[in-house]
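Visitor: Here you go, one structure.
The values are calculated or read from the model by the stated rules, or taken from the named source; none is laboratory data. Everything numeric here is computed off the predicted structure, so don't read it as measured data. Virtual Cβ from ideal backbone geometry, glycine too; neighbours counted across all protein chains shown. What goes into the accessible areas is simple: the full protein's heavy atoms, side chains included, and nothing from ligands, DNA or RNA. Shrake-Rupley method; radii C 1.70, N 1.55, O 1.52, S 1.80 Å.
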Amino acid sequence: MLSREASVKELLAETAARATRYGTKINDRRVAPLPEDVARLDALVGPLPEYPCDPAEVLALLDDIGSPATVATTGGRYFGFVIGGTLPAALAANWLAGAWDQNAAMQVMSPVAARLEEVVQAWTLELLGLPRNSGVGFVTCTTMANFSALAAARSAVLARSGWNVEEDGLFEAPPVRVVVGEEVHVSVLKALSMLGLGRSRVVTVPADEQGRMRADALPPLDEHTIVCIQAGNVNTGAFDPAKEICARAQAAGAWVHVDGAFGLWGAVSPKYAPLLDGVGDADSWAIDCHKWMNVPYDSGLVVVREAEHLGRALAAGNAAYLAQSSAREPWQFTPDSSRRARGIELWAAMRSLARTGIREMIERNCRQAKLFADRLRAAGFAVLNDVVLNQVLVSFGSPDQTRRVITEVQADGTCWCGGTQWRGQTAMRISVSSWATSDEDVERSAAAMVRIAKSVISSRP
Ligand SMILES: Cc1ncc(COP(=O)(O)O)c(C=O)c1O
């Protein structure tokens, strides 16, 4: 019988070997799993066993059955939704952080997690040109970043009417008006619904043909208004005109929140920064890190210019055993208390790529989006958006033809793209968001799309 130490060592070595095999073979496999591999997941189902077994057996079962049923989102040819891969340094840090098993809630629980959050906070604010004294919370995703930022906004605008929403709730509270663009992301509406502000009570401003909120159509604003703008439309990649909107909002005392899930990362490049002109004048921002920063799930950042609004909105009550300190306490900036230390991977990703590497990754993906558009246009297909960032929308003819091409692209396995509706047209969405995507991946994927589209079109008169 192996000692406990020896068996843990063997198990972790075996895990590393299996994970390495998965990671290094990812570009040789199909992107979507085969239906028969998904069907084999039945082998993981069943009643809870009565007796323990060897962890090595559990690992083998998970890898043998689970790995083939994954989607190769961490490879170079996944272009669905907006999904990044995992940078090598971030994955390595994730493994080590898993071994550390730190609770990132408080300084006293994990000095390393707390310190790395402070470092990442400073790096991110500087990199994205956001106010250096902002409050920053390390949340799970942009949905939670939108939620947290809008909780801070709700608190601040109600406080202006002398209303304490944290203590007194929303019953009989003074009205808060929320303005969104016609192309607002559903996660903002979800956040508003969770905050008691309602998805349907919003004032919706029309958008132009690229999905940008029309600043000339903004309603009158006041200090009880929250304006939600977008940096990076999920379909087109377009940016709302932040400069004009922030100037109008500031003059009226309104709060501006920016959903910058992936688009805010454009600020790292002098080529794309002009698209974000004025974004830094807002009051709060939601940023995703598992998308374009290419760290493992789940990772997002909420940033609020005046940190006290975020702290007030997310403060827990006092409990004697939860010692407070005068230092930055991570849990005061997130809806969660206990949580994993996701800042560790972000630190590793940023430390390894550094400023030039992050810029190169963003610029490469944007160039690759243009390459996709060029190849598809050259084959005779219509690109429906101005390719300003990393998103491409393409139509393959009639809605039915486009839907069939999407289904067959997914089944073919060379790459993976999803579908959408854009201004009444059915389109395939291509989002280039992975550090792992090479130009060869783009050429191979574009060739597969063209081959499949031609065959779909020729199969029907
Ligand atoms: C603009 C925008 N906002 C919010 C989200 C939601 O992000 P998450 O899934 O991380 O909550 C997305 C996702 O693609 C997005 O593109």
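Visitor: All but one of (1) assigned to a loop (DSSP other than H, G, I, E, B); (2) open to solvent by less than 40 Å² (accessible area, probe 1.4 Å); (3) within 16 Å of the ligand (Cβ to nearest atom) hold for Phe138; state the number of the condition that does not hold.
Guide: All conditions pass for Phe138, except number (1).
Visitor: Now, a different point. Quick check on segment 254-277: of everything there that is open to solvent by 30 Å² or more (accessible area, probe 1.4 Å) and over 18 Å from Val303 (Cα atoms), which residue is farthest from the ligand (Cβ to nearest atom)?
Guide: This residue is Pro270.
Visitor: Name the residue, out of Arg132, Arg40, that is open to solvent by 20 Å² or more (accessible area, probe 1.4 Å) and in a helix (DSSP H, G or I).
Guide: Every option except Arg40 fails the conditions.
Visitor: I've got another one for you. Residues of segment 371-402 being free of Cβ contacts under 8 Å to residues at least 40 places away in the same chain and on the phi > 0 side of the Ramachandran plot, which ones?
Guide: Residue satisfying the conditions is Gly380 alone.
Visitor: What residue, of Ala122, Ala99, Ala173, Ala89, is in a loop (DSSP other than H, G, I, E, B), among the aliphatic types (A, V, I, L, M), modelled with pLDDT of 95 or more and surrounded by fewer than 22 Cβ atoms within 10 Å (Cβ to Cβ)? Explain how you work it out, then say what you get.
Guide: On the way: Ala122 fails: in a loop (DSSP other than H, G, I, E, B); Ala99 fails: in a loop (DSSP other than H, G, I, E, B); Ala89 fails: in a loop (DSSP other than H, G, I, E, B).
Sole residue among the options that is in a loop (DSSP other than H, G, I, E, B), among the aliphatic types (A, V, I, L, M), modelled with pLDDT of 95 or more and surrounded by fewer than 22 Cβ atoms within 10 Å (Cβ to Cβ): Ala173.
Visitor: Could we say that Val184 is assigned to a helix (DSSP H, G or I) and either away from the ligand (no atom under 16 Å from the Cβ) or under 23 Å from Thr140 (Cβ atoms) (or both) here?
Guide: no
Visitor: In segment 107-116, what count of residues is obtained for those that are part of a loop (DSSP other than H, G, I, E, B) and either open to solvent by 10 Å² or more (accessible area, probe 1.4 Å) or within 30 Å of Gln391 (Cβ to Cβ) (or both)?
Guide: Looking only at that region, the number is 3.
Visitor: Restricting attention to segment 327-352, report how many residues are open to solvent by 30 Å² or more (accessible area, probe 1.4 Å), in a loop (DSSP other than H, G, I, E, B) and either over 17 Å from Asn103 (Cα atoms) or not acidic (Asp, Glu) (or both).
Guide: 6
Visitor: Which ones in segment 281-297 are within 11 Å of the ligand (Cβ to nearest atom) and either in contact with a strand residue (DSSP E or B) (Cβ under 9 Å, 6 or more places away or on another chain) or open to solvent by 10 Å² or more (accessible area, probe 1.4 Å) (or both)? Walk me through how you get there before you give the answer.
Guide: First, the residues of segment 281-297 that are within 11 Å of the ligand (Cβ to nearest atom): 286-292, 297.
Matches in segment 281-297: Ala286, Ile287, Asp288, Cys289, His290, Lys291, Tyr297.
Visitor: Cβ-Cβ distance below 7 Å, separation of 6 or more or different chains: which pairs start in segment 403-425 with a residue that is in a strand (DSSP E or B) and end on one that is at pLDDT 95 or above and among the basic types (Lys, Arg)?
Guide: Pairs that qualify, where the first residue is in a strand (DSSP E or B) and the partner is at pLDDT 95 or above and among the basic types (Lys, Arg), are Gly418/Arg429; Gly419/Arg403; Gly419/Arg429; Thr420/Arg429.
Visitor: Here is a follow-up. Would you be able to tell me the number of residues in segment 59-86 that are farther than 24 Å from Cys417 by Cβ and open to solvent by 40 Å² or more (accessible area, probe 1.4 Å)?
Guide: Going through segment 59-86 one residue at a time, the tally reaches 3.
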